[in-house]
Amino acid sequence: MGAAAVAGVALMGAGTGVAAADDGGLPPVPGMLGDRRANELWYQLDEIALYHPSQEVQDAYAVFFPFIQQNAPEGLYEKWRELSREPAYPKNYAEFVKPVEGPLKTLSTLQLDNFDRFYRGDEAGLVKAFAAFGQGVLFDPRRAPEESEVHTMNGNPPNGYHFWHSVLRAQMVLGIDRHRWARIDPMIGFGWALQSIAKPDHRHVNPGLPREQVHTLARYWLPRSPAELDRDFQSAPYPA
């Protein structure tokens, strides 16, 4: 399915407040608001990547993050942005991240397996999940202990989108699930654009953006190529 078609299918009903429920056969969670399946996607990603990572993921972090601290003290995004502006890009970035190829493979599998668990063969549904994430319309009371009931990118501004782009570009230039990440990166840009406008509250469900505004952003972001997204992510903390 092409990006424009995905946008049209995925965003039917989006941008009009709390997303319509799609339980995906999942059990109900009292107090949850928004799309059930999208809530579970982001809840489980946090579980396996942040709150309860496996030993394999912990081992990957134990190599990956010290590498960044030692070799990119200003952050991976700043290193990517620096290298992406040089004529040797993307070869220079591939050479830079080559020492952490193993951890990058582990983290790619972690995330893609989670996306496939809930949206295998349903790219339109995954776009919708990113749209809900960016707007902050997913409320999950299971995250009350962390004081982060709304599934959206942490931070204000949400700099995590830039880090995510830097990581997946590292994966792509090393040939790690390159085609998969080339399809997902536009969704990350789309989520970033939505959240930059919506500026959602992290503890209370948000109303969502107007439908036409969501559609306009989808038409811009979802067809973006890797080179175009590299240009877009030069801008920080918000899209140009």
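This table checks each residue for (1) buried (at least 19 other Cβ atoms within 10 Å of the Cβ); (2) free of Cβ contacts under 8 Å to residues at least 12 places away in the same chain; (3) over 28 Å from residue 140 (Cβ atoms).
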position	(1), (2), (3)
47	no, yes, no
54	no, yes, no
58	no, yes, no
65	no, yes, no
75	no, no, yes
78	no, yes, yes
96	yes, no, yes
100	yes, no, yes
111	yes, no, no
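In the range 144-166 there is at least one residue that is touching a Leu at 6+ places or on another chain (Cβ under 8 Å), closer than 22 Å to residue 227 by Cα, in contact (Cβ under 8 Å) with a residue 24 or more places away in the chain and surrounded by 19 or more Cβ atoms within 10 Å (Cβ to Cβ). Taking (1) part of a helix (DSSP H, G or I); (2) under 17 Å from the mean Cα position of the chain (by Cα) in turn, residue 202 satisfies each apart from (1).
Test residue 33 against the criterion of being hydrophobic (A, V, I, L, M, F, W, C), under 27 Å from residue 220 (Cα atoms) and at pLDDT 95 or above, and give yes or no. Taking the combined requirement at face value, the residue does not satisfy it.
Here's the yes/no breakdown for (1) more than 25 Å from residue 239 (Cβ to Cβ); (2) touching a helix residue (DSSP H, G or I) at 6+ places or on another chain (Cβ under 7 Å); (3) open to solvent by 30 Å² or more (accessible area, probe 1.4 Å):
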residue: 93; (1), (2), (3): no, yes, no
residue: 123; (1), (2), (3): no, yes, yes
residue: 131; (1), (2), (3): no, yes, no
residue: 136; (1), (2), (3): no, yes, no
residue: 139; (1), (2), (3): yes, no, yes
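Checking the stated criteria, residue 43 turns out not to satisfy the condition of being closer than 27 Å to residue 148 by Cβ, touching a residue at least 60 places away in the same chain (Cβ under 8 Å) and surrounded by 19 or more Cβ atoms within 10 Å (Cβ to Cβ).
Looking only at residues of the range 172-183 that are touching a Lys or Arg at 6+ places or on another chain (Cβ under 9 Å) and more than 20 Å from residue 222 (Cβ to Cβ), we find that the one that is least open to solvent (accessible area, probe 1.4 Å) is 176. Residues in the range 173-185 that are more than 11 Å from the chain's Cα centre (by Cα) and either in contact (Cβ under 8 Å) with a residue 60 or more places away in the chain or in a loop (DSSP other than H, G, I, E, B) (or both): 173, 174, 175, 176, 177, 180, 183.
Determine, yes or no, whether residue 217 is surrounded by 15 or more Cβ atoms within 10 Å (Cβ to Cβ) and outside any helix (DSSP H, G or I).
Details: surrounded by 15 or more Cβ atoms within 10 Å (Cβ to Cβ): yes; outside any helix (DSSP H, G or I): no.
Against the criterion (surrounded by 15 or more Cβ atoms within 10 Å (Cβ to Cβ) and outside any helix (DSSP H, G or I)), residue 217 does not qualify.
The set of residues from the range 189-214 being buried (at least 22 other Cβ atoms within 10 Å of the Cβ) and out of contact with any Gly (no Cβ under 9 Å at 6 or more places or on another chain) comprises just one member, 189.
The values are calculated or read from the model by the stated rules, or taken from the named source; none is laboratory data. Remember, predicted model here, so these are calculated numbers, not experimental data. Heads up, the Cβs are rebuilt from the backbone with ideal geometry, glycines too, and the neighbour counts pull from every protein chain shown. These accessible areas exclude ligands, DNA and RNA; they are computed on the full protein's heavy atoms, side chains included. Shrake-Rupley method; radii C 1.70, N 1.55, O 1.52, S 1.80 Å.
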